[in-house]
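Let me begin by presenting the structure, written as structure tokens, before commenting on it.
Laboratory data are not the source of any read-out in this text; all were calculated from the coordinates shown. Everything numeric in this text was worked out from a predicted model, so none of it was measured. FYI the Cβ positions are ideal-geometry reconstructions off the backbone, even for glycines, and counts take in every protein chain you see.
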Amino acid sequence: MIRRYRLDAGKSPQTYGLGFKELWQLPEGRVEPGLIQHTVGWPMDTATYGGSFLYHLDQNRVYVGFVVGLDYADPRFQPFEAFQQFKNHPSLRALLEGGEILAYGARTIVEGGWQSMPTLEMPGALLVGDAGGTLNVPKIKGVHQAIRAGALAAEHVVEKGSSAGFDQRWRASPGGVELYKVRNIRPGFRYGMWAGIANGALETLTAGHSPWTLQNHADHSALRRLDQYASPDRGWIERQLKPRDRVSAVFFAGNTHEESQPAHLKVADTSICATRCAQEFGNPCQNFCPAHVYEMVDDGAGGRRLQINASNCVHCKACDIKDPYEIITWTTPEGGSGPNYQNM
């Protein structure tokens, strides 16, 4: 609908984060129910946006997660590995070691905020919640915004009898005002972690009253070519905590894809994967996918071809967003198959 009605005309490009989340069962006595911890940066370099969350639950369980901004530049960067390295920090490893992972999942998060929100109305329909990009990134909260948008949409349709005027009404509502106040915090991190923190402090101090609005850039356009980017040494170590690799992680997502169905990941021209993409970017789909869906294999004739392991897909949609050539389209698989998330 955004494409058909050009709802993004005149808006800043949308930007996303790739979020990972695991549920762990821990030994008695380690969990402090209600404790919430957040970090920023490490184990990534200061040019890459992202951070972690740790939520202590009841029954000796914790949620541990990591979010990586998909506007990163390094074609060799592996978001899944960054998450696993984070878990091996001495403080996290001491918490998790001896525990058991119960569930794993990954999902892209709409982070563009105020300036990237499409027009929320069109003939006969409205966009609300995550579809409209209403997440408050600095708070890492979106459920309250989705509830606000849904309730306001219902009120609007009852009162007006049409969708006309909803976009302006939402932007003037408490939910829209909340997004406007923090509009410059996420795009400030495109200049690096320290600049982003300083800008975030300024925007918080002024409650978003700065006389400018920083713009976002399309995530796929941020990826640099191999010969243009020297990947930094991030000091990553040989880790011990599970899962050991992405295929192992997929097991904890409870995937139930029918193996024989056509791949729901559509690649418009696979010849690009074996030629231009291999030479220019080193096939970054093999790095950014959190489920090892994309794999370059021997084609039997001395070359390489793309193999799509569609049954691994955890429906994060990162490929549709980060592919530098925009030739991957994520579609809904047959029969409602996919990850079967439990307590996530």
- prompt: Given (i) 259; (ii) 164; (iii) 130, which label gives volume of the Cα convex hull per residue in Å³ as computed from the coordinates?
  reply: (ii)
Cα centroid separation, segment 61-98 to segment 299-344 (Å): 21
- prompt: Mind listing which GluC sites (Glu not before Pro) in segment 152-248 are in a DSSP loop and have 13 or fewer other Cβ atoms within 10 Å?
  reply: GLU238
query: Highest GNM mean-square fluctuation, the chain, Cα pairs closer than 10 Å: which of CYS289, CYS313, CYS273?
result: CYS273
query: Can you list residues whose amide H is under 5 Å from GLY112's amide H, if they're 5+ apart or on another chain and H is modeled 1.01 Å from N?
result: THR15
- line: Long-range amide H partners of LEU102, meaning residues 5 or more apart or on another chain whose placed amide H is closer than 5 Å, are LEU23, TRP24, GLN25
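Using 0.36 nm per residue of separation minus the Cα-Cα distance, give me the extension gain between GLU258 and GLU97 in nm, one decimal.
Details: separation 161, 0.36 × 161 = 57.96 nm, distance 3.44 nm.
Taking GLU258 through GLU97 to full extension adds about 54.5 nm, to one decimal.
Can you tell me how much longer the chain between SER231 and ALA125 gets when fully stretched, taken as 0.36 nm per residue apart minus their C-alpha distance, in nm with one decimal?
Length gained, SER231 through ALA125: 33.7 nm.
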message: Given R₀ = 56 Å, what would the calculated FRET efficiency be for ARG239 paired with TYR5, taking r from the Cβ atoms and rounding to 0.05?
response: 0.75
- line: Applied in sequence order to segment 9-21, the curve 6.51 cos²θ - 1.76 cosθ + 1.60 (Karplus, θ = phi - 60°) yields integer Hz couplings, x standing for Gly and Pro, of 4, x, 9, 5, x, 6, 10, 9, x, 9, x, 10, 8
- line: For segment 217-231, in residue order, the Karplus 3J(HN,Hα) values (coefficients 6.51, -1.76, 1.60; θ = phi - 60°; whole Hz; Gly and Pro = x) are 10, 4, 4, 5, 6, 7, 5, 8, 6, 4, 7, 9, 9, 9, 5
statement: Phi angles of segment 52-69, converted by Karplus (6.51 cos²θ - 1.76 cosθ + 1.60, θ = phi - 60°) into ³J(HN,Hα) in whole Hz with x for Gly and Pro, give 10, 9, 9, 10, 7, 10, 8, 6, 6, 10, 9, 9, 10, x, 8, 10, 10, x
- prompt: If amide H atoms are built 1.01 Å from N in the plane of the peptide, which residues on other chains or at least 5 residues away come under 5 Å of the amide H of GLN307?
  reply: GLU295, MET296, VAL297
- prompt: Any idea what log10 I(q)/I(0) is at q = 0.19, 0.21, 0.25 Å⁻¹ for segment 240-336, Debye with uniform C-alpha scatterers and no solvent?
  reply: -0.95, -1.12, -1.40
message: Please compute the length gained on full extension between GLN307 and ARG276, using 0.36 nm multiplied by the number of residues separating them and subtracting their Cα-Cα distance.
response: 9.5 nm
